[in-house]
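Worksheet for the structure shown next.
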Amino acid sequence: MKKLSFIAIKKKSLLIFLVAFLCVCLFSVGIYYTSKSVSVPITEYVVVIDAGHGGIDGGVVGASGESKESDINLAYSLCLGAYFEGLNFKVVYTRQDDNGLYSEFATNKKVDDMKKREQIINSAKPDLVISMHQNGFTLPDQRGITAFYKIGHEESKALADCIQERFQKKIEYARAEALPGDYFILNCTNTLSVLIECGFLTNPDEEVLLQDVDYMNKVCHEIFSACVMYFIDSHKLTY
Ligand SMILES: [Zn+2]
């Protein structure tokens, strides 16, 4: 088991997935070219990827006491971003290092951090926002990956359903369905957006799994694949 390196994500291991996925994707896009759908070129498609927490806000602490959510969120965000960049999407990250986004002088650093994330999202004018998190619970038995969507946002619900269906097929212990989530990062924009709780760090087995590079690649690949298929099915992009 290769443990996550939080500094450098080994992009090499993404290539196998990408090549296989590109074949499927190009075949599918070919079909939509012939149907003359009105859509956006992929290079103009902007995806904001938000690594939750950072800096003084480490988020959930793992069952062992040795892992923290902010590190894992960053690793998963960079990995997911590499998939989108590999297919020529424009990717904007809210953070690409361990630091929070708040000013050192802010009286409420959490509020300042969230405002900065909102500013990044608004100025990027994205077509899609994906926020990456790890879950926690008071009891250690809870586990499973879940996609969340903004309450009342039908398009985001449809995408979250697509992602969760894919999790159900490909990832053990995935929760049964996508859920509405009252999260700031979802509420701060009307853009298509989802928040992924990749698993429960408070479950000892899942804490180990979430830090495995192969598992991270798998999770990110499924999110990426579900998003691209959703875009193609809803005629939102050409390639
Ligand atoms: Zn979180």
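Within the range 130-158, the set of residues being away from the ligand (no atom under 15 Å from the Cβ) and surrounded by 24 or more Cβ atoms within 10 Å (Cβ to Cβ) comprises Y149, K150, S156.
Step by step: first the residues of the range 86-100, then only those that are part of a loop (DSSP other than H, G, I, E, B) and in contact with a Gly (Cβ under 7 Å, 6 or more places away or on another chain), then the one that is nearest to I72 (Cα to Cα). Which residue is that? Looking at residues that are part of a loop (DSSP other than H, G, I, E, B) and in contact with a Gly (Cβ under 7 Å, 6 or more places away or on another chain), I get D98.
Regarding A63, is this residue touching a residue at least 60 places away in the same chain (Cβ under 8 Å), within 19 Å of D212 (Cβ to Cβ) and crowded, with 23+ Cβ neighbours inside 10 Å?
Values: touching a residue at least 60 places away in the same chain (Cβ under 8 Å): yes; within 19 Å of D212 (Cβ to Cβ): yes; crowded, with 23+ Cβ neighbours inside 10 Å: no.
No, not satisfied.
Between Y45, Y83, Y76, the distinction of being buried (at least 21 other Cβ atoms within 10 Å of the Cβ), modelled with pLDDT of 80 or more, over 26 Å from N108 (Cα atoms) and within 16 Å of the ligand (Cβ to nearest atom) belongs to Y76 only. Among residues that are assigned to a loop (DSSP other than H, G, I, E, B) and open to solvent by 20 Å² or more (accessible area, probe 1.4 Å), Y173 is included. Once the range 96-117 is narrowed to residues that are over 17 Å from L186 (Cα atoms) and among the acidic types (D, E), the residue that is most open to solvent (accessible area, probe 1.4 Å) is E104. For the range 214-229, the criterion of being within 16 Å of the ligand (Cβ to nearest atom), open to solvent by 10 Å² or more (accessible area, probe 1.4 Å) and either assigned to a strand (DSSP E or B) or β-branched (V, I, T) (or both) is satisfied by no residue at all. Of the residues in the range 104-125, none is closer than 19 Å to L74 by Cα, touching a Ser or Thr at 6+ places or on another chain (Cβ under 9 Å) and not in a helix (DSSP H, G or I).
The values are calculated or read from the model by the stated rules, or taken from the named source; none is laboratory data. This one's a predicted model, so the numbers in the text were calculated from it and none came from an experiment. FYI the Cβ positions are ideal-geometry reconstructions off the backbone, even for glycines, and counts take in every protein chain you see. Side chains are part of the model used for accessible areas, which takes the heavy atoms of the whole protein and leaves out ligands, DNA and RNA. Shrake-Rupley method; radii C 1.70, N 1.55, O 1.52, S 1.80 Å.
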